[in-house]
């Protein structure tokens, strides 16, 4: 799945570990997305996928969710987009 980065960030606290977000667009989809990422040690990541500003078509977010579950490269690329902003800060 193709996607275009809008914005990414990552922070780290002792309590929450690494917390990041990536805002992105998918060509042909009506609304942009945001994925929220969290990992205590930066290895196993949990995420939540949302429409960025306002709700869009349910079938489109379900398609992106399915891609995230099946395409490790997409998931890792989104994590890396956020992680690269932390490395730049650190």
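Read-outs: derived from the displayed coordinates by stated rules, not from any lab. As the structure is a computational prediction, the values presented were derived from the model and not from experiment. Cβ: placed from backbone, ideal geometry, glycine included. Neighbour counts: every protein chain shown.
Some values worked out for this structure:
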quantity	calculated
Breaking point among (1) in contact with a helix residue (DSSP H, G or I) (Cβ under 9 Å, 6 or more places away or on another chain); (2) more than 16 Å from residue 23 (Cβ to Cβ); (3) touching a residue at least 24 places away in the same chain (Cβ under 8 Å), for residue 68	(2)
Tally of residues being in contact with a strand residue (DSSP E or B) (Cβ under 8 Å, 6 or more places away or on another chain) and part of a loop (DSSP other than H, G, I, E, B) across the range 47-64	1
Test: residue in the range 65-73 that is outside any loop (DSSP other than H, G, I, E, B), touching a strand residue (DSSP E or B) at 6+ places or on another chain (Cβ under 6 Å) and on the phi < 0 side of the Ramachandran plot	yes
